[in-house]
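Here the structure comes first, spelled out in structure tokens, and everything after it is commentary.
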Amino acid sequence: MGTDHPGSVTVLLILVCLLVSPAVAAPGDVTVISTAVDPPVLMPGDAGTVTVVVQNTGPSTVPLGGARLYDDGVVPASNPYPSVGDIGAGINRTFTFAVRADAPDGTYYPRFSLDLRENGTLSHPVPVRVDDTPLQASVAGRPDVFSEGRTAAINVLVGNPRPNAASGVQVTPQGTGFTVTPTGAFIGALPADGSATVLFNLTPTAETNVTFRVVWHNGINTHTADLALPVTFGDDTRQADPVITNVEVVTVGDIYRATGDISNAGLESARSVLVTPGAPATPTDPFRVYVVGTLDPDDISSFEVTFRADADVMEVPLVVEYRDDDGNRYTATRWVSVENRTGEETGDARIPVPAAVAVVLFVAAGSAVLWYIRGRRR
């Protein structure tokens, strides 16, 4: 028998090792199959996440080292994957990195890096967009002028000019010198290039500034946008304008009766119109208050009120109370003279003071003439 050659044994051992060793996947077998950024578009300073999904498309397990994200436009908050382990054949692995945008508007490419150990490094850029555009608010409807105590309808339009949707959108009026309903309005999600209108009923008690604050979310980040509305008072050229005319005051016993006409010279209806005498007059029966009701523009109605007043009172006010369509209360006053009042032809009517004086003088003069004539006859 011959002796085996040592070189032949070595070659045989190498061939055996190659046959029993597991196959190693090539670097191209592990690949990035998707990336995502949440929120899709960041604002400077926003916190968000970058997610990368990789897959082993090869037939064998691939050992992995660490995974990290290199900053560009966004800064990773931490390095959560110092060691990954193996990824089996056909298996997906997801990597999520918390980041913060620290760059101005633009598109950036932070680089995802995955250590494949013996097979090198997988590197993949992730596009991240940064846009500082906020939501916009504007006044879509308001009255021409504001009046103290009068409710005004304010329409606020909120638009989203951003390239991505905003969530949790709400509008809240802020400030002093007014009451408002509702105290806040919730819009919710607002898509890119979308808009929504909310209505507020504002009742100012003083000239002021109303700030409509728009609060919204971009991912987990809260942002605000303010809309300032100056509220200054002016004359409303359309509101109701009750006018009293043709007033006549007469005496009936110990009371006064005032009659006349009331018309609406404004462009809006006057509702729940009442006419009543004001101080120093004292309203009395039978017509303490005269209810006119509704006066539409250019309408006219008669009225009658009764009152008492002291003898030294020369004028009394006739007070008109009315409301607008929103229920706001207004008053208007017309002063009328009672100095030259006349009595009605009734049995108990009082004689006016000047007439009484004239009667006394006439009687006195007649008595004097009669006395003189009688004296001449003696």
Number of positions in segment 279-326 that are outside any strand (DSSP E or B) and touching a residue at least 12 places away in the same chain (Cβ under 8 Å): 20
For segment 170-197 the number of residues that are closer than 30 Å to G149 by Cα and part of a strand (DSSP E or B) is 14
Going by the structure shown, is D348 at pLDDT 85 or above, more than 51 Å from the chain's Cα centre (by Cα) and either among the polar types (S, T, N, Q) or part of a loop (DSSP other than H, G, I, E, B) (or both)? no
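Output the residue which, of all residues in segment 70-92 that are assigned to a loop (DSSP other than H, G, I, E, B) and free of Cβ contacts under 8 Å to residues at least 24 places away in the same chain, is surrounded by the most Cβ atoms within 10 Å (Cβ to Cβ).
If we take residues in segment 70-92 being assigned to a loop (DSSP other than H, G, I, E, B) and free of Cβ contacts under 8 Å to residues at least 24 places away in the same chain, then P80 is surrounded by the most Cβ atoms within 10 Å (Cβ to Cβ).
Yes/no per residue for (1) outside any loop (DSSP other than H, G, I, E, B); (2) in contact with a helix residue (DSSP H, G or I) (Cβ under 9 Å, 6 or more places away or on another chain); (3) within 30 Å of V171 (Cα to Cα):
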| site | (1), (2), (3) |
| --- | --- |
| T51 | yes, no, no |
| R68 | yes, no, no |
| T96 | yes, no, no |
| T107 | yes, no, no |
| L114 | yes, no, no |
| S123 | yes, no, no |
| T133 | no, no, yes |
| A137 | yes, no, yes |
Go through (1) within 30 Å of R238 (Cβ to Cβ); (2) at pLDDT 95 or above and name the single condition I91 misses. (1)
State the number of residues belonging to segment 150-174 that are of a type in the set (G, A, S), over 27 Å from D38 (Cα atoms) and surrounded by 15 or more Cβ atoms within 10 Å (Cβ to Cβ). 1
Top-ranked residue of segment 289-305 - restricted to ones that are surrounded by fewer than 19 Cβ atoms within 10 Å (Cβ to Cβ) and hydroxyl-bearing (S, T, Y), ranked as nearest to S337 (Cα to Cα): S302
If D236 passes every condition in (1) part of a strand (DSSP E or B); (2) within 20 Å of I154 (Cα to Cα) but one, which one does it miss? (1)
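The values are calculated or read from the model by the stated rules, or taken from the named source; none is laboratory data. Just so we're clear, the structure is a prediction, and the values are computed from it rather than from any experiment. Because the Cβ atoms are built from the backbone with ideal geometry, glycine has one as well, and the counts that use them run over all protein chains shown.
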